[in-house]
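The block underneath contains the structure these notes are about, expressed in structure tokens.
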Amino acid sequence: MRNKNIFKPVLLAVLVAATAGQTAFAQNISEQSKREIVLRVLDQSKQNDYVPSAFFLHFPDKFGYKAVKEHLDFFHATNNDILKVQYETLPPHWEIKTGADFNKVQVLPEAYFEEQFKVIEDLVREAGHEALVIPTVYSPLMILQQATGNREIYKLAEKYPVEAEKAFEKLAYSIENYIRGARKRGADGFYVSSHGGNKEWFGQYNKVFLNHYRKWDKYISEVAAEVAPINILHICGGEYEDLSDWADYPASIINLPEFDLEKIKKAQEVFHRPIFGGLDHHGVLINGSIEEAKAQVDKILQNAPQNFILGANCTVPNETDYARLRELVDYVHTWRQTHK
């Protein structure tokens with residue numbers, strides 16, 4: 001039976017307590033692992049001089065030694081505080097053109113994700129002592145889109161909502177198999193992507209979203225929260241009228257689709273949990289000068305919640321210069337020590 005305790009206070013208290021007794025961050029950063037630094041963000045009763053930061057991208061190789069090396073090279077080159085494992089497992093192809101076709105969708109067993117598990121295992125072995133290893137998790141709707149090759153599969157789901165929900169349920173159980181398997185292989189937590197509520201898909205007030213899809217989107221977060229101590233809810237990009245519809249998702253950190261300063265403040269009031277984000281993944285972070293990017297960081301951190309992880313609202317382009325990200329990450333790390 002799944003544990004529905006949203007904030008898992010006892011478990012988080014144990015994790016945060018593991019970092020207790022340390023002196024101020026500014027004095028002993030070199031003695032702490034990035035694991036401790038990120039876990040400290042969960043304790044919102046304490047101020048943090050060190051601002052964690054992380055950016056993510058997709059790598060050319062999906063599995064095997066090359067994929068592991070690309071993840072590690074990026075992690076070390078950028079000085080990121082989180083090692084996120086990209087999700088690359090493709091589902092079988094199911095051609096869905098009618099309501100009855102949704103019955104083609106089947107639950108994928110844990111063994112289906114073995115190639116992905118090997119990448120996770122290798123990254124845990126190579127860098128798990130340095131940082132939290134957090135695999136990405138896709139939503140049922142995203143996996144259904146991949147399986148059908150139809151970016152507008154949601155329109156067919158709107159036409160046949162009852163039949164589509166059965167497919168969403170099977171895909172949610174498939175993702176549960178992936179999450180449980182990844183945790184067994186050493187994953188510290190999960191970066192859970194939520195899809196479907198933005199206007200370009202169902203829309204959060206759409207009856208199909210509310211009555212047939214949302215419960216399975218949320219189910220993924222519930223499973224992740226049950227099996228792992230730290231989870232990031234990534235509310236996928238798009239327009240949302242009200243993020244409070246995601247406030248009951250059991251995540252420990254919220255990665256926003258928004259990068260407007262006022263919306264970041266409002267999100268902190270809605271979720272009462274650490275916020276991760278602040279920058280547009282296609283904005284000044286990539287297209288501006290490094291000075292412009294740092295100026296944007298200044299504006300964000302002057303107004304950001306105390307317990308905050310600076311990053312982007314989604315993955316940055318593959319061609320992004322690692323050295324540029326490193327300069328920005330290093331700037332963020334010491335910002336509160338140099339801007340007092």
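Between rounded, prolate and oblate, where does segment 270-340 land on the alpha carbon gyration tensor, with a ≥ b ≥ c its root eigenvalues, rounded for a/c under 1.5, else prolate if a/b exceeds b/c? Oblate, because a/c is 1.5 or more while a/b does not exceed b/c. Between Asp49 and Ala295, the modelled labels are 3.0 nm apart [label points 7 Å from Cα along Cα→Cβ]. For the chain, the longest principal axis of the C-alpha atoms and the axis of helix 290-303 are separated by about 90°. Amide H contacts under 5 Å for Asn255: Leu233, His234, Ile235, Phe276, restricted to partners 5 or more places along the chain or on a different chain, H placed in the peptide plane at 1.01 Å from N.
Measure up Lys62/Lys84; Lys170/Lys199; Lys218/Lys265; Lys215/Lys265 against 21 Å on the Cα-Cα distance and list the ones that go over.
Distance filter (> 21 Å) returns Lys170/Lys199; Lys218/Lys265; Lys215/Lys265.
Using a ≥ b ≥ c from the Cα gyration tensor of segment 26-93 (square roots of the eigenvalues), is it rounded, prolate or oblate, where a/c under 1.5 gives rounded and otherwise the larger of a/b and b/c decides, a/b for prolate? Note, shape of segment 26-93 comes out prolate. Round to a whole angstrom and tell me the spacing of the C-alpha centers of segment 34-51 and segment 57-74. Each part's Cα centre sits 28 Å from the other's.
Which whole-number percent gives the relative contact order of segment 44-338, counting Cα pairs below 8 Å spaced six or more residues apart?
Numbers: 523 pairs, mean separation 68.4, N = 295.
In percent, rounded to a whole number, it is 23.
Given only helices, namely DSSP H runs of n ≥ 4 each adding -39500 (n - 2.57), what is the per-residue ellipticity at 222 nm of the chain, to the nearest 500 deg cm²/dmol?
Details: 14 runs with 149 residues, N = 340.
Dividing the helical sum by the residues of the chain leaves -13000 deg cm²/dmol.
In the chain, the longest principal axis of the Cα atoms and the axis of helix 214-227 are about 50 degrees apart.
Classify segment 122-266: rounded, prolate or oblate, from the alpha-carbon gyration tensor (a ≥ b ≥ c, eigenvalue square roots; a/c under 1.5 rounded; otherwise prolate if a/b is larger than b/c)? Oblate is the answer for segment 122-266, as a/c is 1.5 or above yet b/c matches or exceeds a/b.
Averaging Cα coordinates gives a centre for segment 114-129 and one for segment 211-279; these two points are 26 Å apart.
Relative to the 2.2 N^0.38 Å rule of thumb, segment 299-338 has a C-alpha radius of gyration ratio of 1.30. Within the listed set Pro60, Pro161, Pro140, the Gaussian network model of the chain (springs between alpha-carbon atoms below 10 Å) gives the highest mean-square fluctuation for Pro60. Over all projection directions, the Cα-based convex hull of the chain averages an area of 16.3 nm².
If the limit is 28 Å between Cα atoms, which of Lys46/Lys263; Lys207/Lys266; Lys159/Lys263; Lys159/Lys184; Lys166/Lys263 go over it?
On the way: Lys46/Lys263 23 Å; Lys207/Lys266 26 Å; Lys159/Lys263 34 Å; Lys159/Lys184 39 Å; Lys166/Lys263 35 Å.
Flagged as over cut-off: Lys159/Lys263; Lys159/Lys184; Lys166/Lys263.
Coordinate-derived values only; no laboratory data. Quick caveat: nothing in here was measured; it's all calculated off a predicted structure. Cβ atoms come from the backbone with ideal geometry, glycine included; neighbour counts cover every protein chain shown.
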